[in-house]
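Colleague: Supplied in structure tokens, the structure appears directly below.
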Amino acid sequence: SNPIKSAVGKVVDAVSDGGPAPKAEIPGVPNSEPASLEQPTEPREPLPPKPDQTGPDTGSPTGEPTGAPQAAMAQTGAFLTSAQGVRLRDTDHSLKAGPRGPVLLQDFHLREKVMHFDHERIPERVVHARGAAAHGVFRSYGTASNVTRAAFLAEGAETPVFVRFSTVLGSRGSADTVRDTRGFATKFYTTEGVYDLVGNNIPVFFIQDGIKFPDVIHAGKPHPDREIPQAQSAHDTFWDFVSLHTEATHHTLWNMSDRGIPRSFRMMEGFGVHTFRLVNAEGATTLVKFHWKPKLGVHSLTWEEAQMISGVDPDFHRRDLADAIEAGAYPQWELGIQVFPDTPEQMFEGIDLLDPTKIVPEELAPVQPVGLMELNRNPSNYFAETEQVAFHTGHLVPGIDITDDPLLAARLFSYLDTQITRLAGPNFAQIPINRPHAPINDMLRDGWHQDAVHRGVAPYKPNSLDGGCPFHAGASEGAYVEVPLEVSGRKVREAPASYADHFSQARLFWLSMSAPEREHIIDAYTFELGKCYEQAIKERQLRVLANIDPVLCREVAQGLGLPEPAPSEPLADPAPSPALSQVGHEWPADGRIIGIVADESCDLGVVGAVRQAVLSAGMVPLIIAPKGGMLGTMPVQRTFLTARSVEFDALLLAGAPMPGKDAYGARDAKAGNRLPDEPVDPRVTLMVQEVYRHAKAIGGWGTAGQVLAQAGVVEQAPGVVVGGDGEQVLRDVVGLMAAHRVWERFPTAADVA
Ligand code: HDD
């Protein structure tokens, strides 16, 4: 007996409720279906959900459980139905007057199917349209409970979270690895209601006042006439804006640094950017800045890698996050706070805490860990969860309050407002992914997409008809109580004097960078300004760079072929902040991708042992061979045709794969791509050259020296390990990966160091 068949039989029985069997004779309808309607296979049970996927919480809009969430699983019932539950006999042919006749308007299934399809899209987010998300859990250490009464920050509290990472400028289908800021938005489903921490991977922002947000985004988005370029800042309008708005200098410098091209969402820091006000159980207040610290460290791509990946795998970051979670390599971040006294000035060590273009260096105010977040579950439906999740800086819980940062003020309006267009109406909090895990007892009623069936007759207060319910809560019953701060002042459209400092912290960032990081910044400015057409914009931006650092300004000016301007104000002399540099730290190599090049001529026993050792070290080995299928007993994951170096964090060569008929592919050979005197497959040589240029570790044994020779890589070069013992080579390579890159391989001009 076929288990699948008998299981389906049960489903059929359950669905048909003991009714007629599927093929029972219906009067006037022939029992045997026309050949064209025959199903290609027997009905099979649908694939079970992957272990890493379950749906969002499916509490009802009023907070009550709705019953079996699995009942809502798609494609699980035996029969296709219309949206009205009517079983359908055919979904491939419109109802026609004869096989060659006109289609009939009375075809309700055709009309419903096409009507629904026509409305499948909703407007993409006006910014941060491109994103990827995951579910997880936040476990609090309790170390913040002296400064906040927030229940999810109490000792031992475990809170479900949903995190969405994003780029800012690109459209929904744009590439992941563009140079841009990354969004890092976390929804905490706390017992006291939803708290959203809507941050970025860069701790400062382009503008000091939210009223300029439409301007900076209009400047960064594609030009309005031709709608190009997509998902990038390397164009005239962006540089026009930031060179005119010098408060953007600090954020722009971060974007031009390696922070603008992260290696993975799993390897980014997150920042709340604004200063927030925490309130403890006694009502005492503290000012804080939030930080997410990734356990895997902060790592970036090189610019060439980022550009290549945009073509080779535009979904690189999205895939990386989902693959890691599916493989059980759950990414983790520690949440930390920098703590400042809540003084009337709201300044710390001369830094204006209300200015979102300023950081407080960690050396001045250490980041104190308050909990650990782990992402452990992929969404099961992109649209339902990742697309429809609605974050809002105004989703606050008791114990967390806002400050008067004028950038934050505009956000408090914008995030609520934008959902009305994006999610079509005011009831977006009822969409499953947005539902709080706390009981809802609101008096909001009706509107588009109202899912709740509210009972009672008195959605107003005070009332006597519904027994006076619901009642107000006091602070002791967990009510959100705003901090009763004194407010006074003249109504003016002005910024405080402290907001006029636009360069000192950009200089602090530059001075904190290592030589290769500075070189990357110079290259990035030179590339981006080199893509601008207007000479006046390039010259104006060079004047901005002169106020950051003379070396930066000179190098970029030289690259652009323009004169180097002098600074317009005296340069500040801040102490560097080592915490800002990505160089000089050691990190676990968990979850890294190791390419292993091998063919039949290699000792496959050694390859197998190395592959196993990579797995045991918590990394992902990908066997790259001339053709697909199996290499000995190992599955081949990439061929020389499908592999590209940018996918790997390090490359191992188990020998020198000879160019053969298979290695080149008949088409390559026909096209005359083959060079006459290559002993090694040139696609492997190219891979080695790229990995070398991108400063990644290379290991080899056996005849691997031949590959290096053909690639022009000397065996003594930094980060190249050649030896007789494959497993020892791997250990050395893993050691090199702790620093992420072989930094000394990046060429650096002497005056940059
Ligand atoms: Fe914003 C989305 C982060 C300033 C207006 N923002 C959005 C997202 C992130 C940020 C991560 C994506 C959320 C998601 O995944 O759904 N935004 C920031 C940070 C800012 C910032 C860290 C400065 C510190 N944003 C900002 C300002 C305004 C907005 C000043 C408006 C005045 N942001 C929006 C928005 C979006 C948004 C238009 C688009 C989609 C959405 O909100 O839900 O309301």
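Colleague: Name the single residue, out of those in region 123-140 being within 9 Å of the ligand (Cβ to nearest atom) and among the β-branched types (V, I, T), that is surrounded by the most Cβ atoms within 10 Å (Cβ to Cβ).
Modeller: This residue is V127.
Colleague: Could you check R319 against (1) within 16 Å of L580 (Cβ to Cβ); (2) under 18 Å from the mean Cα position of the chain (by Cα) and say which number it fails?
Modeller: With (1) within 16 Å of L580 (Cβ to Cβ); (2) under 18 Å from the mean Cα position of the chain (by Cα) applied to R319, the lone miss is (1).
Colleague: Counting only residues that are aliphatic (A, V, I, L, M) and surrounded by 22 or more Cβ atoms within 10 Å (Cβ to Cβ), which one in region 268-286 is nearest to the ligand (Cβ to nearest atom)?
Modeller: V273
Colleague: Right, something else. On the basis of being in contact with a Phe, Trp or Tyr (Cβ under 7 Å, 6 or more places away or on another chain), free of Cβ contacts under 8 Å to residues at least 60 places away in the same chain and either not polar (S, T, N, Q) or not in a helix (DSSP H, G or I) (or both), does A219 make the cut?
Modeller: Against the criterion (in contact with a Phe, Trp or Tyr (Cβ under 7 Å, 6 or more places away or on another chain), free of Cβ contacts under 8 Å to residues at least 60 places away in the same chain and either not polar (S, T, N, Q) or not in a helix (DSSP H, G or I) (or both)), A219 qualifies.
Colleague: Tally up the residues in region 306-329 that are surrounded by fewer than 20 Cβ atoms within 10 Å (Cβ to Cβ) and touching a strand residue (DSSP E or B) at 6+ places or on another chain (Cβ under 6 Å), please.
Modeller: Number of matching residues: 2.
Colleague: Step by step: first the residues of region 397-452, then only those that are within 16 Å of the ligand (Cβ to nearest atom), of a type in the set (D, E) and in contact (Cβ under 8 Å) with a residue 40 or more places away in the chain, then the one that is nearest to V487 (Cα to Cα). Which residue is that?
Modeller: By that ranking, first place goes to D404.
Colleague: Hey, can you tell me all the residues within region 252-294 that are touching a Lys or Arg at 6+ places or on another chain (Cβ under 9 Å), of a type in the set (D, E, K, R) and farther than 21 Å from D180 by Cα?
Modeller: Listed by number, the list holds a single entry, E282.
Colleague: Could you list, in sequence order, all residues of region 264-282 that are touching a residue at least 24 places away in the same chain (Cβ under 8 Å) and assigned to a loop (DSSP other than H, G, I, E, B)?
Modeller: The answer is S264, M268, E269, G272, V273, H274, T275, N280, A281.
Colleague: Taking only region 199-216 into account, find how many residues are part of a helix (DSSP H, G or I) and within 9 Å of the ligand (Cβ to nearest atom).
Modeller: Of the residues in region 199-216, 6 are part of a helix (DSSP H, G or I) and within 9 Å of the ligand (Cβ to nearest atom).
The rows are residues; the columns are (1) away from the ligand (no atom under 16 Å from the Cβ); (2) hydrophobic (A, V, I, L, M, F, W, C); (3) out of contact with any Leu (no Cβ under 7 Å at 6 or more places or on another chain); (4) part of a strand (DSSP E or B).
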{"position": "K289", "(1), (2), (3), (4)": "no, no, yes, yes"}
{"position": "E305", "(1), (2), (3), (4)": "yes, no, yes, no"}
{"position": "G311", "(1), (2), (3), (4)": "yes, no, yes, no"}
{"position": "L321", "(1), (2), (3), (4)": "no, yes, yes, no"}
{"position": "A329", "(1), (2), (3), (4)": "yes, yes, yes, no"}
{"position": "P344", "(1), (2), (3), (4)": "yes, no, yes, no"}
{"position": "G371", "(1), (2), (3), (4)": "yes, no, no, yes"}
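Colleague: In region 355-369, how many residues are touching a Phe, Trp or Tyr at 6+ places or on another chain (Cβ under 8 Å) and within 13 Å of the ligand (Cβ to nearest atom)?
Modeller: Qualifying residue count, region 355-369: 3.
Colleague: Just to be sure, is A384 away from the ligand (no atom under 11 Å from the Cβ), touching a helix residue (DSSP H, G or I) at 6+ places or on another chain (Cβ under 7 Å) and not in a loop (DSSP other than H, G, I, E, B)?
Modeller: Here the answer is yes, as A384 does meet what is asked.
Colleague: Within region 355-368, can one find any residue that is without any contact (Cβ under 8 Å) to a residue 12 or more places away in the chain, closer than 23 Å to I202 by Cα, assigned to a loop (DSSP other than H, G, I, E, B) and not acidic (D, E)?
Modeller: Just the residues of region 355-368 that are without any contact (Cβ under 8 Å) to a residue 12 or more places away in the chain, to begin with: none.
Checking region 355-368: not a single residue is without any contact (Cβ under 8 Å) to a residue 12 or more places away in the chain, closer than 23 Å to I202 by Cα, assigned to a loop (DSSP other than H, G, I, E, B) and not acidic (D, E).
Colleague: Quick test for you: out of D196, D180, D176, pick the one residue that is near the ligand (Cβ under 9 Å from one of its atoms), among the charged types (D, E, K, R) and touching a residue at least 60 places away in the same chain (Cβ under 8 Å).
Modeller: Going through D196, D180, D176 in turn, the sole match is D196.
Colleague: Which of the residues spanning region 714-747 are in contact with a helix residue (DSSP H, G or I) (Cβ under 9 Å, 6 or more places away or on another chain) and crowded, with 20+ Cβ neighbours inside 10 Å?
Modeller: Hits for region 714-747 are G719, V720, V721, G726, V729, L730, V734, H740, R741, V742.
Colleague: Just give me the residues in region 600-618 being touching a residue at least 40 places away in the same chain (Cβ under 8 Å) and in contact with a strand residue (DSSP E or B) (Cβ under 6 Å, 6 or more places away or on another chain), in sequence order.
Modeller: V614
Colleague: Also, I was wondering about something else. Can you say whether S257 is in contact with a helix residue (DSSP H, G or I) (Cβ under 6 Å, 6 or more places away or on another chain), surrounded by 22 or more Cβ atoms within 10 Å (Cβ to Cβ) and within 15 Å of W587 (Cβ to Cβ), as far as the supplied structure shows?
Modeller: Spelling it out, it is not the case that S257 is in contact with a helix residue (DSSP H, G or I) (Cβ under 6 Å, 6 or more places away or on another chain), surrounded by 22 or more Cβ atoms within 10 Å (Cβ to Cβ) and within 15 Å of W587 (Cβ to Cβ).
No lab work stands behind these numbers, since they all come straight from the coordinates. Just so it is clear, the structure is predicted and the values come from calculations on it, not from any experiment. With ideal geometry, Cβ positions are generated from the backbone for all residues, glycine too; neighbour counts draw on all protein chains shown.
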